[in-house]
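The values are calculated or read from the model by the stated rules, or taken from the named source; none is laboratory data. The shown structure was predicted, so the numbers you read here are calculated from the model rather than taken from an experiment. Glycine gets a Cβ as well: all are built from the backbone with ideal geometry, and neighbour counts include every protein chain shown. We work out accessible area using only protein heavy atoms, side chains counted, and drop any ligands, DNA or RNA first. Shrake-Rupley method; radii C 1.70, N 1.55, O 1.52, S 1.80 Å.
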Amino acid sequence: MKKNVHIFDRIVRIVLGFGALAFFAISTHDLRVLALLGIIPLITGFVGFCPVYSLLGVNGCACKKTP
C-alpha cells in the first residue's frame, strides 16, 4: 500500500478518531454505538492509506518537485 494521506490529514483523522472513541467510552446516549465508526479514521490515520482516496484517484501526499 502506497501512502496517499498527507501528514496534516493524518493528524486530523487520528484526533477525530480518538475523539469519537472517547465519546463512545463516556457517553450513555443510545446513538453512542455510531461513535465506533471513529475506528475507521483512526486506522487510516495511523496507516497513512485511505481506500476511498485510491478509488477517487486522490493522492494527498503528492508534492511537486522542482528541478
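Data table
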{"read-out": "Test for G48: is it open to solvent by less than 100 Å² (accessible area, probe 1.4 Å) and at pLDDT 90 or above", "value": "yes"}
{"read-out": "Verdict on L21 being touching a Phe, Trp or Tyr at 6+ places or on another chain (Cβ under 7 Å) and open to solvent by less than 60 Å² (accessible area, probe 1.4 Å)", "value": "no"}
{"read-out": "V12 vs. criteria open to solvent by less than 60 Å² (accessible area, probe 1.4 Å), at pLDDT 90 or above and not in a helix (DSSP H, G or I)", "value": "no"}
